[in-house]
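A.B. asks: Quick one: this structure, given as structure tokens, is what I'll be asking you about.
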Amino acid sequence: MFGWFQRIGEAFTGRDRRWPAVRRRHVERFPECAACGSTQNVEVHHITPVGHAKRTGRPELELDPDNLLMLCGPPKDCHWWLGHACDDRKWRPEVRRLADEIRRAEVRSQGDV
Ligand SMILES: [Zn+2]
Ligand SMILES: [Zn+2]
């Protein structure tokens with residue numbers, strides 16, 4: 001789990017002290033991965049990464065619920081491939097829309113069975 005955090009550069013260092021509470025509230029509201037619906041190893045993803053937000057003068061994005069999205073870690077790893085395009089320096093601004101589309105497709109395919 002900690003290896004995962006380090007790999008994607010979302011270590012705990014430098015986080016706002018209100019972050020743990022914001023994070024906990026978000027997990028309670030959205031216990032499932034926004035893309036696949038998994039509840040395994042879900043993590044709160046920042047759509048605009050905290051480091052980038054701070055560098056570009058928008059530090060409030062760290063705690064903004066509109067900038068947060070639940071994505072799962074391994075084994076499905078939607079956080080990595082969907083949230084970060086398999087590169088810890090990257091992110092996808094349109095990740096919420098992509099996750100919505102994947103989620104709808106998954107629900108539809110399950111309904112066909
Ligand atoms: Zn997922
Ligand atoms: Zn992330």
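The values are calculated or read from the model by the stated rules, or taken from the named source; none is laboratory data. Just so it is clear, the model here is predicted, and its values are computed rather than measured. Quick reminder, even Gly has a Cβ in these numbers, built from the backbone with ideal geometry, and neighbours come from all protein chains shown.
A.B. asks: For the range 54-113, give me each residue that is surrounded by fewer than 10 Cβ atoms within 10 Å (Cβ to Cβ), under 21 Å from Arg15 (Cα atoms) and over 12 Å from the mean Cα position of the chain (by Cα).
C.D. replies: If the condition is that a residue be surrounded by fewer than 10 Cβ atoms within 10 Å (Cβ to Cβ), under 21 Å from Arg15 (Cα atoms) and over 12 Å from the mean Cα position of the chain (by Cα), then Gly57 is the only one that fits.
A.B. asks: How do the pairs read when you match residues in the range 43-62 that are closer than 11 Å to Gly83 by Cβ and free of Cβ contacts under 8 Å to residues at least 40 places away in the same chain with residues anywhere that are within 16 Å of ligand 1 (Cβ to nearest atom) and in a loop (DSSP other than H, G, I, E, B), using Cβ under 7 Å and keeping only pairs 6 or more apart or on different chains?
C.D. replies: Sorted first by the residue in the range 43-62, then by its partner, the pairs are Glu43/Gly73.
A.B. asks: Still on this structure: Looking at (1) under 22 Å from Arg104 (Cα atoms); (2) away from ligand 1 (no atom under 11 Å from the Cβ); (3) surrounded by 13 or more Cβ atoms within 10 Å (Cβ to Cβ), can you tell me which one Cys33 breaks?
C.D. replies: Against the list (1) under 22 Å from Arg104 (Cα atoms); (2) away from ligand 1 (no atom under 11 Å from the Cβ); (3) surrounded by 13 or more Cβ atoms within 10 Å (Cβ to Cβ), Cys33 comes up short only on (2).
A.B. asks: Give, as residue ranges, the helices (runs of 4 or more DSSP H) completely inside the range 12-113 that count at least 3 residues that are among the small types (Gly, Ala, Ser) and out of contact with any Pro (no Cβ under 9 Å at 6 or more places or on another chain). First the steps, then the outcome.
C.D. replies: Working: elements: 19-29, 50-55, 95-112.
Because the criterion is at least 3 residues that are among the small types (Gly, Ala, Ser) and out of contact with any Pro (no Cβ under 9 Å at 6 or more places or on another chain), the helices (runs of 4 or more DSSP H) in the range 12-113 that meet it are 95-112.
A.B. asks: With at pLDDT 95 or above and out of contact with any Leu (no Cβ under 6 Å at 6 or more places or on another chain) as the only criterion, which of Ala53, Ala35, Ala99, Ala105 stands out?
C.D. replies: Details: Ala53 fails: out of contact with any Leu (no Cβ under 6 Å at 6 or more places or on another chain); Ala35 fails: out of contact with any Leu (no Cβ under 6 Å at 6 or more places or on another chain); Ala105 fails: at pLDDT 95 or above.
Sole residue among the options that is at pLDDT 95 or above and out of contact with any Leu (no Cβ under 6 Å at 6 or more places or on another chain): Ala99.
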